[in-house]
Amino acid sequence: MPEGHSIHRLARQLTDVFGGQRVRVSSPQGRFAAGAALLDGHVLTRAEAVGKQLLVSFDGADLRAGADGADGHRVLRIHLGLYGAFSFGGDASFVGASSIGAPRRMGESENGQDAGDDAEYTGPPAPVGAVRVRLVSDHGWADLRGPTACEVITAGDVAALREAAGPDPLRADGGHDDAAEFARLLRRRGVACGQLLMDQAVVSGIGNVYRAELLFRAGIDPYRPGRKIAEREATDLWADAVFLMHDGVRLGRIVTTQRDPHHPVAREDVTLDADAADIPDEATRFVYKHTGEPCPHCGTAIATAVMAGRNLYWCPGCQH
Ligand SMILES: [Zn+2]
């Protein structure tokens, strides 16, 4: 499942290529036809991530639906879930507008055609497979397939959604309020901290990879109850999440081994500031999917178990 950093990247890309433009919205597959009709032909103002949810705002979208949203504001809410992914394509200006650059991974599938390589862009290709939503501007297109959630919501719904979401390490502005709030939410319950880190009401955007790696880096046993986490440990966890997840946005992949809190260089095969694209997958994480391998710190075999419905990985030797 894409974690928060990839949703932030996706939001940035959507804003870059569609922001401020009138967009045709359709549902080639048909399942989102009514929602698409509400947004079709309106200006896409911006996309943003709230935790693992993607919110795409449209100005002046249709008001026939009711009295709410008197400003004519409609928001497309998307949760990619396990299988959802966007693909993009378009002319050179479309690709050039992206702060992210060349085609790359979005969600968990490759980013569509070799956008911009064609000498002439002649419009979007015929939809392939179950395209839930298609966005089309003068210069390019985006197709969404397989999301868990895809619906049109109001400004009021967005406010409620923000209210319910825990602090987001990728929205942290450097102030201490978010760290303190995270510590409070984590430490008030007797539930295992490995489970609490996956609870979007406690912290937004952390998924299975970051949960395992953050706890390993902090030396915290995932089964330790939130209540038994010291305040300092909680604020350190927060700071590490801010650091690692911003790195994830920048690199476009999760790499937790480049800077090790315990050793200057984490692994023999990973050097500081190595080009992230050159790091082999297995070297980008300490414990995630390293079951049975020796812990790089203490040599104990990495363990695995299911927690909160997902595979958990940790070192029983140095996480307490
Ligand atoms: Zn260990």
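The values are calculated or read from the model by the stated rules, or taken from the named source; none is laboratory data. Because the structure is predicted, anything quoted here is derived from the model rather than measured. Ligands, DNA and RNA are stripped out before the accessible areas are found, and what is left, the full protein with its side chains, is counted by its heavy atoms. Shrake-Rupley method; radii C 1.70, N 1.55, O 1.52, S 1.80 Å.
Listing for the model above:
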{"item": "Accessible solvent surface per residue of region 167-314, calculated while the other protein chains remain in place, 1.4 angstrom probe, Å²", "result": "45"}
{"item": "Surface accessible to a 1.4 Å probe, per residue, for the residues of region 1-47, Å²", "result": "39"}
{"item": "Extension gain from ALA33 to GLU151, taking 0.36 nm per residue of separation minus the Cα-Cα distance", "result": "41.4 nm"}
{"item": "Percent carbon-and-sulfur accessible area, region 120-186, ignoring ligands, DNA and RNA, probe 1.4 Å", "result": "51"}
{"item": "Additional length obtainable on full extension of the chain from LEU82 to ARG232, 0.36 nm per residue less Cα span", "result": "50.7 nm"}
{"item": "Segment ALA301-ASP59, length gained on full extension (0.36 nm per residue, minus Cα span)", "result": "81.7 nm"}
